[in-house]
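S.K.: Have a look at the structure that comes next, please.
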Amino acid sequence: MTRILRTAPGPQFDLGVHALSAYIPQIDGLRALAVLGVLLFHVHWSGLPGGFLGVDVFFVISGWLIIGLLREQVLAQRFSWPVFLGRRVLRLAPALLLTVLLTVAVFGIVRPPALQGDLQASAWASLLAVANLWFLATTSYFADNQDAPLLHTWSLAVEEQFYLVAPLLVWWLYRRGVPERERRLWLLATVGLCVLAEVWTRLAPGQAFYLPVTRAWEFLAGGALRIGLPPGRWPRLRRAGGWAGLALLAACYHLTDERAHFPGLGALPGVLATLLILAAAGCGGMLDRLLAWAPLRGIGRISYSVYLVHWPLVCLAMTFAALYSVKVQLLVIGLSLVLGALSWALVEAPARALAGRLRWVDVGRGYVLVLGLALAAVPLLRLATTAWWADHPRALAWAEFHDARDVFHEGGCLLTADRVHDAGLSLPEPCLRLVPGRRHVLVLGDSHAANLGALLQAHLGAGVQVLRAPAIGCRPVLGSSGSADCRAWFERMLGPWLQAHAGRIDELVLVGYWETGDPVRLAETVRRALPLVRQVTVVGPWPDYLSRVPGLLAWSEILGTDLAPRLMRRERQALVDALRAEVPAPARYVDAWRGVCTPRCEPSDDEGRPLYIDRNHLSIAGVQRLLGQAWPEPAAGR
């Protein structure tokens, strides 16, 4: 049996450097670094692929604060469930309720019912603190989630679940005083849960990312530091460690990406960086002054509200203007800070000020009532916005346009991210089947190649066999800036696969969402392919837009003005000349910009059908127009 050290309750317990009731400005500075990392990551700010680590920083801070607070209260026999949960409710619930309801209302108007996805269900999950479990069942955090404006509430759900479990854990551990080898117990628990998280991440990464049990070690790491660090010891060493932690956190933001093992060992550098900074808080020196700097401290104080509003704003920006422009990125960042400050001043701070004025039982009753009203308001808002769209039938028809998904994905020939590593082996056999007596056309590229290749067979006729091996996000150039899996996929297709079928491929068609660094790489790609095939055709870029085209047409109808010319990305037209200049003879270059813009450059055809299904993927009508320009005489058997 574990021996317990009997200690009388009181202030003599070793609680760390700071009194738990004291305000620590450096913690707000660290919160600012966390929320700014998440915000810059979500607006796709260049050079910060690991900004999502800011959530892990928040988890460590919460463990550091909450476990220390609970330890003090349990040992002093002052812990109260109503008080603890009531404070958490006043801290989190008001701003969350407001954000969820406003998000449902705004996105109900911005997006038609068919494109709202699971907005109502995700709103309920967010309000009930189970958003992490909902999104575990519906989406990956790193997917294109512009249709999930409440995705970010998964981390709030994990934190709220921690608030329910942590008091039980701390009460059980300290119910009879301070246990022997207290620090060792917390350290072993943290290490054990970290190992569990790593194993779970390797076996089921999607589950591990969202589940509270695999995030628990991050909270415990903060608590273990608070309990295990002797007060006032080694100030110089801790100051040096704080600077090392700050440098390590910056490196994590810059170097980490979604391929790291999260939340297993991939999260360890970020957690360690946070612990080093926390250990240095209050030790004096320049780092303390930096973290307590008024602008950082101010952002940290409003960080919860900023976090709540930022992701709906990102999704709103991606609906109307995408995030290609630095101006749009800065606008989203600025609005997040302004609206976060307003939310803090008008909602969050007044709610927290009620802590000393209301009985905690009344707080609980009020919360249950307000939560029930909010849950009921969600479907009512959905009904109201649906009725608003019904008053604009032509705009609704455009906004809900999506005619091509089943056609473009037919046959299973489009490789998703989890299948790219096995390209050529995981594809259904008909995708790369050669048929004697027919011309063979092989289409390689990303999802744009999938759209074109799906309709090319019908366009070229029965005498041609179209082979397809497109992969999502993989541009068909050697040494592309895409993922390592994409580069390996294309190397295999252009190397071993084409060499095994040398002389049997009549035409190799390369299609992709070209980027500025691709023309020179494309030239080398074409030279390597030419000896293995009879003809290489490069399909150049076509116009694309800052906003989803069907929605752009819908809002042009509602507002009575043509938005398309203002939202076309004309700067990409420079790629047309760059690619044409680099494609070596005798390869053929298809000017897709001219092909889609003939007879005129508009996002819909004469019959009112959108030529796009989103910002840049062509619809069936758009692909047919391009094929008519690129292969005007398919029956001639070129």
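S.K.: Here is a list of conditions, (1) at pLDDT below 95; (2) closer than 15 Å to HIS310 by Cα; (3) open to solvent by 40 Å² or more (accessible area, probe 1.4 Å); (4) assigned to a helix (DSSP H, G or I), and TRP45 meets all of them except one; can you say which number that is?
M.R.: For TRP45, the exception is condition (4).
S.K.: Out of (1) part of a helix (DSSP H, G or I); (2) touching a residue at least 60 places away in the same chain (Cβ under 8 Å); (3) over 19 Å from PHE52 (Cβ atoms), what's the single condition that is false for ARG184?
M.R.: It is condition (2) that ARG184 fails.
S.K.: Which pairs do you get when a residue that is touching a residue at least 12 places away in the same chain (Cβ under 8 Å) and closer than 24 Å to ALA221 by Cα, found in the range 273-296, comes within reach of a residue that is open to solvent by 20 Å² or more (accessible area, probe 1.4 Å) and among the β-branched types (Val, Ile, Thr), reach meaning Cβ atoms under 6 angstrom, with the pair 6+ apart or on two chains?
M.R.: What qualifies is GLY282/VAL17.
S.K.: When you look at VAL370, is it within 31 Å of the chain's Cα centre (by Cα), crowded, with 18+ Cβ neighbours inside 10 Å and within 17 Å of ALA93 (Cβ to Cβ), yes or no?
M.R.: So VAL370 does not fit the description; no.
S.K.: Another question, then. Only residues that are under 31 Å from the mean Cα position of the chain (by Cα), surrounded by 14 or more Cβ atoms within 10 Å (Cβ to Cβ), part of a helix (DSSP H, G or I) and basic (Lys, Arg): list them for the range 566-605, please.
M.R.: Passing the criteria: only ARG572.
S.K.: Using the structure shown, decide if LEU164 is of a type outside the set (S, T, N, Q) and free of Cβ contacts under 8 Å to residues at least 60 places away in the same chain.
M.R.: yes
S.K.: Just checking, which of PRO231, PRO269 is touching a Leu at 6+ places or on another chain (Cβ under 9 Å), open to solvent by 40 Å² or more (accessible area, probe 1.4 Å) and not in a helix (DSSP H, G or I)?
M.R.: PRO231
S.K.: Within the range 521-556, track down each residue that is closer than 22 Å to GLN457 by Cβ, outside any helix (DSSP H, G or I) and of a type in the set (A, V, I, L, M, F, W, C).
M.R.: VAL533, VAL536, VAL538, VAL539, TRP542, listed by residue number.
S.K.: Looking at the range 108-150, which of its residues are of a type in the set (Phe, Trp, Tyr) and under 26 Å from LEU369 (Cβ atoms)?
M.R.: Within the range 108-150, TRP124, TRP134 qualify.
S.K.: Collect the residues in the range 449-505 that are open to solvent by 40 Å² or more (accessible area, probe 1.4 Å), more than 29 Å from the chain's Cα centre (by Cα) and closer than 30 Å to PRO49 by Cβ, keeping them in residue-number order.
M.R.: Selection gives ARG492 alone.
S.K.: Scan the range 272-295 for residues that are open to solvent by less than 20 Å² (accessible area, probe 1.4 Å) and assigned to a helix (DSSP H, G or I) and jot them down.
M.R.: If the condition is that a residue be open to solvent by less than 20 Å² (accessible area, probe 1.4 Å) and assigned to a helix (DSSP H, G or I), then ALA273, THR274, ILE277, LEU278, ALA279, ALA280, LEU287, ASP288, LEU291 are the ones that fit.
S.K.: Could you please give the count of residues in the range 234-266 that are outside any helix (DSSP H, G or I), at negative phi and not hydroxyl-bearing (Ser, Thr, Tyr)?
M.R.: Qualifying residue count, the range 234-266: 8.
S.K.: Exactly one of (1) open to solvent by less than 10 Å² (accessible area, probe 1.4 Å); (2) over 26 Å from TRP631 (Cα atoms) is unmet by TRP555. Its number?
M.R.: Status for TRP555: all satisfied but (1).
S.K.: Give the range 606-638 a look and list any residue that's part of a helix (DSSP H, G or I) and modelled with pLDDT of 85 or more, or say none.
M.R.: Across the range 606-638, the qualifying residues are ILE620, ALA621, GLY622, VAL623, GLN624, ARG625, LEU626, LEU627, GLY628, GLN629, ALA630.
The values are calculated or read from the model by the stated rules, or taken from the named source; none is laboratory data. Owing to the predicted nature of the structure, the values given are computational and were not obtained by experimental measurement. Neighbour counts are summed over all protein chains in view; Cβ atoms, including those assigned to glycine, are modelled from backbone coordinates with ideal geometry. Please note that ligands, DNA and RNA were not included when accessible areas were found on the heavy atoms of the full protein model with its side chains. Shrake-Rupley method; radii C 1.70, N 1.55, O 1.52, S 1.80 Å.
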